[in-house]
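Q: This is the structure I have questions about; it appears just below.
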Amino acid sequence: MVGVRVRALLSLAAGALLLSLVSDAVGHGGGEGAGLLRLGAMLSVPVALALVLCGALSGRQAPNWFDR
């Protein structure tokens, strides 16, 4: 499950970087057509946080409810 954690961290970093770049472009007047990029960046951050949560919980053993 190390791959999930690495992918989550890379996705979070890419989303934050993309959001920063789009915000800078809009702030300096060069943001025409940046709406779709901003949407992608804003969606990638919660997805990355969900992957971080899945990676953190992947080390735990699930309860065995069927062997009672």
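The values are calculated or read from the model by the stated rules, or taken from the named source; none is laboratory data. Computed from a predicted model, the values in this text were never measured in an experiment. Don't worry about glycine lacking a Cβ; one is built from the backbone with ideal geometry, like all the others, and counts go over all protein chains shown. Side chains are part of the model used for accessible areas, which takes the heavy atoms of the whole protein and leaves out ligands, DNA and RNA. Shrake-Rupley method; radii C 1.70, N 1.55, O 1.52, S 1.80 Å.
Q: Please go through the stretch 5-23 and pick out each residue that is of a type outside the set (D, E, K, R), open to solvent by 60 Å² or more (accessible area, probe 1.4 Å) and in contact (Cβ under 8 Å) with a residue 40 or more places away in the chain.
A: Within the stretch 5-23, 9 is the sole residue that qualifies.
Q: Mind counting the residues in the stretch 37-49 that are open to solvent by 50 Å² or more (accessible area, probe 1.4 Å) and modelled with pLDDT of 80 or more? Steps first, please.
A: Within the stretch 37-49, the subset open to solvent by 50 Å² or more (accessible area, probe 1.4 Å) is 37-39, 42-43, 46-47, 49.
Subset that is modelled with pLDDT of 80 or more: 39, 42-43, 46-47, 49.
Residues in the stretch 37-49 being open to solvent by 50 Å² or more (accessible area, probe 1.4 Å) and modelled with pLDDT of 80 or more: 6 in total.
Q: Could you count how many residues in the stretch 8-22 are among the hydroxyl-bearing types (Ser, Thr, Tyr) and out of contact with any Leu (no Cβ under 7 Å at 6 or more places or on another chain)? Explain how you work it out, then say what you get.
A: So the first thing to find is which residues in the stretch 8-22 are among the hydroxyl-bearing types (Ser, Thr, Tyr), and the list is 11, 20.
Right, trim to out of contact with any Leu (no Cβ under 7 Å at 6 or more places or on another chain) and you get 20.
Residues flagged as among the hydroxyl-bearing types (Ser, Thr, Tyr) and out of contact with any Leu (no Cβ under 7 Å at 6 or more places or on another chain) within the stretch 8-22 amount to 1.
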